[in-house]
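Below is one structure; the comments refer to it alone.
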Amino acid sequence: MSDLAVLESDALARLGSASSLDQLRDAHGDLLGKRSPLNDVRKTLGALAPEDRKKLGQELNDLRSRLDAAFAAREEELLAAERAERVADERLDLTEVKGRRRRGSLHLVTQTRDRLEDTFVAMGFTVAEGPEVETDWHNFEALNIPPAHPARSGFDTLYVKFGEPESTLVRPHTSPVQIRLMLEQPPPIYAVMPGRCYRKDTPEPRKVPNFSQIEGLVVDRGITFGNLAGTIEAFTSAYFGPNIHSRLRPGSFPFTEPSAEYEVTCAICEGRGCRTCSSTGWIELGGCGMVHPNVFRAVDIDPEEWSGFAFGFGIDRLAQMRHAIPDMRVLFDNDIRVTGQF
Ligand code: PHE
């Protein structure tokens, strides 16, 4: 019996001091397994008198359950420690960048979108949105671009596998939101519609395949090209300040007639000509024009009663010119040295 007491205190000490799960399991085998001293004692039971056998047997069973309980308790401790260590190892400190703590901020394109919305709201426009996945009808047909129209090839459209082939797409421009808005509400309409667009394009210094546009639409009685030109002029000085000038050049879009291209002085070279503007001194920021009567007819608005203008500007390019960024692609490389400047 006194041997058992020594054996128990040694065993408890060994289990308690195991510093890893492997060590603990080895200890368990040594202390309670086939070749353990405890088992040696058990083997002597058969030679004892029945009275003693019963007593020692009981004692051995009790001892075994105490050791099992000590094992389970230590195992639980070691498992918890191992979990805590793993969690600490896997923890990512997202506040620390190369040893410097800094706060995140909105991406420049998001900031620009917010600023554009504010500018247009101050000019009396409301803000609307539409889906990025569109139907061929909203994106093309209702905009006076019937099937097989040559203008379709200019959009580098990405189609979505849904329904009939080429019936569903990720929008290559925000103009389908004009259609949705005119179907939803009767004129007068004064609205801008910002959002992401997609084209099958290769990234270049002044374009990326997943870009953003802000569409503008005005429908009212007696709207003229003069209203369009004046609105664009007012917008340009409100957004860029006095140093950037804009011009409208004759353009062509199936959904506007007449149409124009909206260009501003290249902010990189201040109009002298550089790589970013292909030596022209100007950067095209978007298109605009008077809403085509066929577009009004597609949404059941009487073109004899109502007239209007529309524009679609590239948000990324507006940001690029406002901050004189020679290559737009740097905004999407996720290099914090670049994005952190805004
Ligand atoms: N949707 C045209 C484009 O992306 C731009 C535009 C919008 C032109 C509205 C005229 C009127 O190319």
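For the subset of segment 258-277 comprising residues that are more than 16 Å from E233 (Cβ to Cβ) and more than 32 Å from the chain's Cα centre (by Cα), which member is nearest to the ligand (Cβ to nearest atom)?
Step one: filter segment 258-277 for residues more than 16 Å from E233 (Cβ to Cβ), giving 258-259, 266-277.
In the following step, the residues that additionally are more than 32 Å from the chain's Cα centre (by Cα) were identified as 258-259, 269-274.
On the way: P258: 11, S259: 6, C269: 25, E270: 26, G271: 24, R272: 27, G273: 24, C274: 24 Å.
The selected residue is S259.
Search segment 222-246 for residues that are more than 18 Å from G312 (Cβ to Cβ) and pair each with any residue that is of a type outside the set (V, I, T) and modelled with pLDDT of 95 or more when their beta-carbon atoms are under 7 Å apart and the residues are at least 6 apart or on different chains.
From segment 222-246, the pairs are G222/S307.
Please report, ordered by residue number, the helices (runs of 4 or more DSSP H) entirely within segment 1-113 with at least 1 residues that are surrounded by fewer than 10 Cβ atoms within 10 Å (Cβ to Cβ).
Values: elements: 2-17, 21-32, 37-43, 50-90.
Those helices (runs of 4 or more DSSP H) span 2-17, 37-43, 50-90.
Of the residues in segment 211-257, how many are within 14 Å of the ligand (Cβ to nearest atom) and assigned to a strand (DSSP E or B)?
Looking only at that region, the number is 17.
Quick one: G163 ticks every box in (1) among the small types (G, A, S); (2) away from the ligand (no atom under 13 Å from the Cβ); (3) in contact with a Phe, Trp or Tyr (Cβ under 8 Å, 6 or more places away or on another chain) bar one, so which box is it?
(3)
State whether one or more residues within segment 295-309 are out of contact with any helix residue (DSSP H, G or I) (no Cβ under 8 Å at 6 or more places or on another chain), at pLDDT below 95 and more than 16 Å from the ligand (Cβ to nearest atom).
There is no residue in segment 295-309 that is out of contact with any helix residue (DSSP H, G or I) (no Cβ under 8 Å at 6 or more places or on another chain), at pLDDT below 95 and more than 16 Å from the ligand (Cβ to nearest atom).
Checking the condition open to solvent by 60 Å² or more (accessible area, probe 1.4 Å) and modelled with pLDDT of 95 or more, which residue from L158, L169 passes?
Working: L169 fails: open to solvent by 60 Å² or more (accessible area, probe 1.4 Å).
Exactly one residue qualifies, and that residue is L158.
Just wondering, is there one or more residues in segment 123-135 that are open to solvent by 90 Å² or more (accessible area, probe 1.4 Å) and modelled with pLDDT under 95?
Restricting attention to segment 123-135, the residues satisfying the condition of being open to solvent by 90 Å² or more (accessible area, probe 1.4 Å) are 129.
With modelled with pLDDT under 95 added as a condition, the list becomes none.
No - not one qualifying residue is present in segment 123-135.
Looking at segment 183-206, which of the residues that are assigned to a strand (DSSP E or B), within 14 Å of the ligand (Cβ to nearest atom) and out of contact with any Gly (no Cβ under 8 Å at 6 or more places or on another chain) is most open to solvent (accessible area, probe 1.4 Å)?
Only one residue tops the list, namely R196.
The values are calculated or read from the model by the stated rules, or taken from the named source; none is laboratory data. Computed from a predicted model, the values in this text were never measured in an experiment. Every residue, glycine as well, gets a Cβ built from its backbone with ideal geometry; the counts of neighbours run over all protein chains shown. Protein only, heavy atoms only, side chains kept; ligands, DNA and RNA dropped before computing areas. Shrake-Rupley method; radii C 1.70, N 1.55, O 1.52, S 1.80 Å.
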